[in-house]
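See structure below.
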Amino acid sequence: MTSMLVRGGAALVLAGFAVLAPTVAHATVTTAATTGGVVQETQRFVGSGYENSPKEAKRDAENDARRQALLNGFLNEQCVLLYAESYRLAPGYYAANAAISCTR
């Protein structure tokens, strides 16, 4: 009987951690770092694009991410490209994803 209570308590504790895990994962997307008394805000933006060549699809995806950053108040100079990848959907048709990190 006691072992069932211990197992039930352990299950409740693990369930509580599972509920908090998505909150912690989401909190790492937007970070704030303190440097010399100045608080900086960092956000990441993801864009996607579809074009006839991989290079154009990557450019379109990066422009989409930068457009989202601009709508959130970041300047183009405050953003850095993290990655841009493309993949083929069909002959002569490509998709791409790009991510940027912006700090102000």
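Every number in this text was worked out from the coordinates using simple rules, so none of it is lab data. Here the structure is a predicted model, which means the values were calculated and not measured. No Cβ is skipped: glycine too gets one built from the backbone with ideal geometry, and neighbour counts run over all protein chains shown.
Geometric descriptor of the stretch 48-104, per residue, is 54 Å³ (volume of the convex hull of the Cα atoms). Packing, taken as the mean count of other beta carbons within 10 Å per residue, orders the peptides 74-81, 56-63, 40-47 from highest to lowest as 56-63, 40-47, 74-81.
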